[in-house]
Structure formats: structure tokens, C-alpha cells
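K.L.:
Could you have a look at this structure, given as C-alpha cells, before my questions?
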2 protein chains.
Amino acid sequence: MVKATPKRAWGEAIQNRDEQFELKRQVVLRTAARTYSRRGFYETTLVDIAEELNVSKPTLYYYFKNKDEILFECHRLAIEAVTNHDTPMPSAEEATARVRLEEFLRRYVRMVVDDFGTCLVMTGANALEPENRGEVIRGRRQIDTMLREILEQGLADGTLDCPDVKVSSMFVFGAMNWIPRWYHADGAMSLDELTDRLIAFVMRAVAPPRA
Amino acid sequence: MVKATPKRAWGEAIQNRDEQFELKRQVVLRTAARTYSRRGFYETTLVDIAEELNVSKPTLYYYFKNKDEILFECHRLAIEAVTNHDTPMPSAEEATARVRLEEFLRRYVRMVVDDFGTCLVMTGANALEPENRGEVIRGRRQIDTMLREILEQGLADGTLDCPDVKVSSMFVFGAMNWIPRWYHADGAMSLDELTDRLIAFVMRAVAPPRA
DNA sequence: CCACTTTTCGACCCATGGGTAAGTTTGTCA
DNA sequence: TGACAAACTTACCCATGGGTCGAAAAGTGG
């Protein structure tokens, strides 16, 4: 007779200790991000997260300084997924604004649908302590700038057109940031379909008059 | 020597008691909505709200059952501002989908920029107790339906066109619900300008191929 | 199998903040 | 001006949940 609950370890021990530590940290973060997203940051207690990992609350403190740091790391990872992508965005010299915009939207949607991205968008940055908040805001601003820059390029190279770059970019971010509130990956629509629809929608909104 | 703090009553006594009561209730709600919006529901304590009104915490309990009820009333008022507007929306027989869409967007933006609307959009409905949550969700769904119905009419009468009504409506709501996070009425752009920009943006996104 | 480190946990502390009880002030109306 | 209700306050209760402490497991290397 084997053990009823096979202990279902939360980080299989194959690596050495440092790797193991880092791995478990990641698992905590993913779980926290998912829970924060679903229930909200303040509705989520550390015990909730701990239980989901079959672990006690103090264990979390072995991996993180406090609740805020966990949230902060989630935000950081989400932002990095866009700003420090494996393959860098094509530069303005390499591609038209239209092409670059499509690529940007694709990346951003992918981010926003992921646990960390959803967490970033659902939980306001005001939950963070001032110091960390600064970094997150800086990161978001950086992403903002990416889109604005593309729209401006579009104005110049004629592949895009919109009356007001700042405002238009905000509308686009709004449309995307709202996705986690209604889209569920297990539903009828696949992520690719969603992305295509978003791209089509945005492209029409910022397309030049006759193209 | 007059009193330094002239007591700055929070509901000037001119009406009779019932009116006075109702008036103060409204003042509490507005203040709460503003604070919830700015700081977030969980970051706002009842003492915060009370202090802003130069009143003690228990006074709030004289006007409301509890913290949730205050939030709920804010949400209710916001939703009603759209569903029970003074002048009803023109029906599908009275106007083209295009015209109706513009009117709808105008109303929704106006709502979302208001204290209650901002509160509705910024604080998730998950903060509410199950019972009230139901009513809020029902209200939001009703508003959802309004927009979807218009988009469908547009498909029929040819004044609008989009590949997927459900998804497109979500993008539009996203763009609008995100407004409170970046738009500030005291900034460079007036509310009317903002509304015009939004309408222009959406119209292009859901315009028929050649119009 | 023994020291020594890493990882985990049970038990506790305590500030915060929603909510209440009971009394005091304020207004109203005979 | 006295009785009665409305409006408001001070002082308190107490569950919740973030965070800590010290000790016990569990793994590691000699």
C-alpha cells in the first residue's frame, strides 16, 4: 500500500540547492499571481497561498521578505516579459510601424493573459510600498512609450494614422488591459483568435484613411 | 472673535429632516466613491471617509448598514446613470446604429468619469457581499447587452461592421473603463474632447468597410 | 552516525480596522 | 421649558491577517 497522499512535493528535488530554491520561489510567485488575480490582492491572505502549496505560512517568509515583495516580483516579471523579450522588437529602421505595432500587440496580449500579466493589470500598483511602486510605474511608462513611439512612426511613414497618439495609445492599452476580466483561456476562443481579433480591431482604429 | 473652524456643516440645514437625511447620505456616498476610487476600497478605512466629512466613524453607521453597503450604493448609482437615464436611448426604429452608438458612448464616458462611475470601474465587484454582487453584475450585463445590441443592429442596417460583436464590445468597454486610470478632468483635455476622441476611435474600429 | 546547514512548522504577537453599546448633544414641537 | 426623537460621539470589542520566534525535521557531507 503506497502513501495515500504521495506528499506531492511542490518542487521536485533533482537540482542542487540553489536551483531548488529559485525554482520554489518561482512556484510561489506563479501561485500567488494566480490567486491575486482571481481573488484580488487584499482578499488573498498569505495562508491562502500557502495552503494552495501545501505549505505553512512561515515557509513563504523563507522565500520572500513580505507580502508586498511577492506582489512586486509578480509585477516585475510581467513587465520584463515585454521590455526584456528574448527577441528584441524590430527597430523603426527594420520594419514599418504597422508591422511593429502588430508585433507589439501580440507580445502585450500574450503578457496580459499570463498569470503575472493578469496580476499586473488586475491589482493596482497602489498596493505596493512607495519604493517598489516607483519601479513598477517606471516599467509601465516604458511600455507606454514603446506604443506611442510606434504610433508616431506610423504618422511619419504613413502606415498608421490617429488624431492623438497619447490618447489613442491609452484606448489601446485599455482594450488590452481589460482582457483578463472577461477572457478565459478555457473558453470557446483560443488565445490566437483573441489576438487576431484585437489586432484587427486596433488596426482599423489606427489605420490611415485609405489603405 | 468668530469660531476658527466655522463648523463647515456637511449638509446645510434648510430642508426638513427626511430631505436632510437623504442629502447627507448622498454626501457620504460621493465622498466614499471619490476615496474608494483614489485609494482603492481596501486601502480606504471608514475613518478616512469620516474624517473627510469632519464626522466620527459611527455616524456613518447611522446612514449605512456597513462598509459594503456604501460601496454597493455607489455601484448602483453608477449603473443607474446609464440604464435609467433621464432621456431614454433612441430605439432601433428611431435611429441608425451609428447614431445610437455615438449616444451610448457619450453616456457611458460621462458615467465613467463621474465619481460613482470611476468607483464602479476601479473597485472590483468581488469586494461586495454575494447578494449585492449579484445585482451589480446583473446591471453591468444589462449595459453590456445595450452595446452588443447596437453593434448587431449596425450589422443589419449597414452603418456599422465588426467581425465579432461580443469581442468588439469588450474591447470598447475596456478602452472606456480604463479612462479613469489616466484621464484627469483638471488636465489639458476637456471631457468633451475626450469623448470626441473616444467616439472617433471606436467609430473607425467598427465602421463599415467603405463609408 | 554524527555534526552542521537548510528547510519547514506550530505557536505566538499585535496593529489594524470593521462594527457595536451606551450615553451626550442638538433640534423640534407641544 | 420640558419631553422625546434625531443626530452624533466616545470608548470599547474582537476577528482577521501580516509578521516573528524558536524549535523540529530533513537533507548533506565527513
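The values are calculated or read from the model by the stated rules, or taken from the named source; none is laboratory data. Remember, it's a predicted structure, so these values are computed and weren't measured experimentally. Heads up, the Cβs are rebuilt from the backbone with ideal geometry, glycines too, and the neighbour counts pull from every protein chain shown.
K.L.:
Taking into account only those residues within the stretch B:144-190 that are of a type in the set (Val, Ile, Thr) and either surrounded by fewer than 18 Cβ atoms within 10 Å (Cβ to Cβ) or over 24 Å from the mean Cα position of the chain (by Cα) (or both), which is farthest from B:Arg98 (Cα to Cα)?
P.N.:
Of everything passing the filter in the stretch B:144-190, B:Thr145 is farthest from B:Arg98 (Cα to Cα).
K.L.:
Looking at the structure I just gave you, is B:Arg148 basic (Lys, Arg), away from chain A (no Cβ under 14 Å) and on the phi < 0 side of the Ramachandran plot?
P.N.:
no
K.L.:
Of all residues in the stretch B:184-205 being at the interface with chain A (Cβ under 8 Å from one of its Cβ atoms) and in contact (Cβ under 8 Å) with a residue 24 or more places away in the chain, which is nearest to B:Ala92 (Cα to Cα)?
P.N.:
B:Val202
K.L.:
Looking at the stretch B:100-121, I want the residues that are under 21 Å from B:Thr35 (Cα atoms) and touching a residue at least 40 places away in the same chain (Cβ under 8 Å) and have a partner that is basic (Lys, Arg) and part of a helix (DSSP H, G or I) with Cβ atoms under 7 Å, at least 6 apart or on another chain. Which pairs are those?
P.N.:
B:Asp115/B:Arg30; B:Asp115/B:Arg34
K.L.:
Sticking with this structure for a sec: Suppose we keep only residues that are part of a helix (DSSP H, G or I) and touching a residue at least 60 places away in the same chain (Cβ under 8 Å) within the stretch A:72-93. Which one would you say is farthest from the chain's Cα centre (by Cα)?
P.N.:
A:Phe72
K.L.:
Can you work out which of the residues in the stretch A:106-135 that are closer than 27 Å to A:Leu194 by Cα, away from chain B (no Cβ under 14 Å) and of a type outside the set (D, E, K, R) is surrounded by the fewest Cβ atoms within 10 Å (Cβ to Cβ)?
P.N.:
By that ranking, first place goes to A:Met111.
K.L.:
Suppose the filter is more than 14 Å from chain B (Cβ to nearest Cβ), within 16 Å of DNA strand D (Cβ to nearest atom) and modelled with pLDDT under 95; does A:Glu69 pass it?
P.N.:
Spelling it out, it is not the case that A:Glu69 is more than 14 Å from chain B (Cβ to nearest Cβ), within 16 Å of DNA strand D (Cβ to nearest atom) and modelled with pLDDT under 95.
K.L.:
Taking the condition of being crowded, with 18+ Cβ neighbours inside 10 Å and within 11 Å of DNA strand C (Cβ to nearest atom), how many residues in the stretch B:51-66 meet it?
P.N.:
2
K.L.:
List, please: which pairs have Cβ atoms under 7 Å, are six or more places apart or on different chains, and start with a residue in the stretch A:53-69 that is closer than 16 Å to A:Gln20 by Cα and end with one that is more than 7 Å from DNA strand C (Cβ to nearest atom) and hydroxyl-bearing (Ser, Thr, Tyr)?
P.N.:
A:Leu53/A:Thr31
K.L.:
Same structure, new question: Filter the stretch B:31-45 down to the residues that are surrounded by fewer than 18 Cβ atoms within 10 Å (Cβ to Cβ) and part of a helix (DSSP H, G or I), then identify the one that is nearest to the other protein chains (Cβ to nearest Cβ).
P.N.:
Out of the qualifying residues, it is B:Arg39.
K.L.:
With a cut-off of at least 1 residues that are of a type outside the set (A, V, I, L, M, F, W, C) and in contact with a Leu (Cβ under 6 Å, 6 or more places away or on another chain), name the helices (runs of 4 or more DSSP H) lying wholly within the stretch A:119-211.
P.N.:
The helices (runs of 4 or more DSSP H) meeting that bar are A:130-157, A:165-177.
K.L.:
Just one of (1) more than 13 Å from DNA strand D (Cβ to nearest atom); (2) buried (at least 17 other Cβ atoms within 10 Å of the Cβ); (3) among the β-branched types (Val, Ile, Thr) trips up B:Thr87, so point out which.
P.N.:
Result: B:Thr87 fails condition (2) only.
K.L.:
Shifting gears a bit: For the stretch B:73-80, check the following and say yes or no: at least one residue is within 16 Å of DNA strand D (Cβ to nearest atom), within 17 Å of B:Val136 (Cβ to Cβ) and either modelled with pLDDT under 95 or in contact with a helix residue (DSSP H, G or I) (Cβ under 6 Å, 6 or more places away or on another chain) (or both).
P.N.:
No: zero hits.
K.L.:
Related question: Can you confirm whether the stretch A:12-33 contains a residue that is within 29 Å of A:Asp192 (Cβ to Cβ), away from DNA strand C (no atom under 16 Å from the Cβ) and not polar (S, T, N, Q)?
P.N.:
So far as the stretch A:12-33 goes, yes, one or more of its residues are within 29 Å of A:Asp192 (Cβ to Cβ), away from DNA strand C (no atom under 16 Å from the Cβ) and not polar (S, T, N, Q).
K.L.:
Which of the residues belonging to the stretch B:153-172 are of a type outside the set (Asp, Glu) and at the interface with chain A (Cβ under 8 Å from one of its Cβ atoms)?
P.N.:
B:Cys162, B:Pro163, B:Val167, B:Ser168, B:Met170, B:Phe171, B:Val172
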